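J.: Below are the C-alpha cells for one structure; questions will follow.
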Amino acid sequence: MAAPAAASAPRRQWRYTWEALTHLPLLRLYLFPRPAFSSSFPSDLRADLRLQGSLLHLSFSLPGDGATIALRVPVPRVLIDPSAPFECRAAAAGDHLELLLALVLPVDHPVVAAAFPPPAGAELPAPLALRDDLKGLSTGDVHLYCRNCSSRLTKQPLRPASIDYSVTVQPEGGTQDIVTR
C-alpha cells in the first residue's frame, strides 16, 4: 500500500531568534528554515499577534510548494505596539526571513522593567550605592577585554589607579566636599 503524497513530503524545520537594540523601539524576529529556501521566497505572509497567549501566528506559502505553512512563535516580554504594521523581508541568500515589530518603548526603558518584573526566585539587581561604588569604580585600573573569550587586550591600564576620591560630609553646614588625593 502506498503512502499518501502529503505524508511522505519532507517536513521543514524552523528555528527562530529575537533581536532588540536598546536604543531603537524595534523587535526583530529572524526565522531560519532547514533546509534553506532554494529560489522561492514566501508569499502571502500573514502575521497575527495574540497578546493573551504571548504568541505570534505566522502563515505563508511557498510558490513551488502550494502548501500553506503555519508557525507559532512565542513572543518575549516586551511592550509591542499592536496597531503598527508588521514589516517582512526575505534575505537575498534565501537563508532566513526577517519580521519587524514596532515597540511602544525600547526594551531598556524603566517602564518596561516595571511592567515585567523578574520571575519569582530570580535574583534582583543590587541597587547602586553611589558613595561606595563611585570610589570602587574610580580607583580601579581600566582595561579592555575581548567580548568573546574574555582575554585582556591591554597590557597596561588605560587609566592608572593613582587618583583616590573620597567624600567628606560636614554635618553642621550640610555641605559635601569631594577631596582628590
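J.: Could you pull out the residue among Ala91, Ala47, Ala102 that is under 19 Å from Leu27 (Cβ atoms), surrounded by 12 or more Cβ atoms within 10 Å (Cβ to Cβ), modelled with pLDDT under 75 and in the same structural domain as Arg15 (by TED's automatic domain parsing)?
T.: Testing whether each residue is under 19 Å from Leu27 (Cβ atoms), surrounded by 12 or more Cβ atoms within 10 Å (Cβ to Cβ), modelled with pLDDT under 75 and in the same structural domain as Arg15 (by TED's automatic domain parsing) leaves just Ala91.
J.: For Val111, indicate whether it is in the same structural domain as Asp48 (by TED's automatic domain parsing) and either outside any loop (DSSP other than H, G, I, E, B) or not aliphatic (A, V, I, L, M) (or both).
T.: Yes: the conditions hold for Val111.
J.: Restricting attention to region 114-137, report how many residues are assigned to a helix (DSSP H, G or I) and either within 17 Å of the chain's Cα centre (by Cα) or modelled with pLDDT of 60 or more (or both).
T.: Total meeting the criteria: 2.
J.: So Arg89 ticks every box in (1) of a type outside the set (Ser, Thr, Tyr); (2) assigned to a loop (DSSP other than H, G, I, E, B); (3) free of Cβ contacts under 8 Å to residues at least 24 places away in the same chain but one. Which box is left unticked?
T.: It fails just one condition, (2).
The values are calculated or read from the model by the stated rules, or taken from the named source; none is laboratory data. None of these values were measured; they are calculated from a predicted model. Every residue, glycine among them, receives a Cβ derived from its backbone with ideal geometry; neighbour counts consider all protein chains shown.
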